[in-house]
Amino acid sequence: MTVTLNDAALELPAGATLEMALEAKEIDPKGKATALNGRVVPAVLRGATELSEGDKIVIIKAFYGG
């Protein structure tokens, strides 16, 4: 199946999870926020959040400062 991760196409097997998408792109999950189709997915739910064809994933790196 094809999903979009930060505006780039990503091929994943059927039944893949959000956590698997991060692993496929070698993204360290520490300090990252994730959203799936515009909804925030807490880190503890990434492994249980199954993806579907056409899903849009956004990964944002948290930073400090002002």
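The values are calculated or read from the model by the stated rules, or taken from the named source; none is laboratory data. Keep in mind that this is a model prediction, so the values were computed, not measured. Here the Cβ positions follow ideal geometry from the backbone for every residue, glycine too, while neighbour counts run over all protein chains shown.
Points to keep in mind about this one:
- One residue stands out among those in segment 1-48 that are under 16 Å from Lys61 (Cα atoms) and among the acidic types (Asp, Glu): the one that is surrounded by the fewest Cβ atoms within 10 Å (Cβ to Cβ), which is Glu26.
- The set of residues from segment 44-66 being farther than 13 Å from Thr4 by Cα and either at pLDDT below 95 or in a strand (DSSP E or B) (or both) comprises Glu50, Ile60, Lys61, Ala62, Phe63, Tyr64, Gly65, Gly66.
- Tally of residues being touching a residue at least 24 places away in the same chain (Cβ under 8 Å) and in a loop (DSSP other than H, G, I, E, B) across segment 11-25: 3
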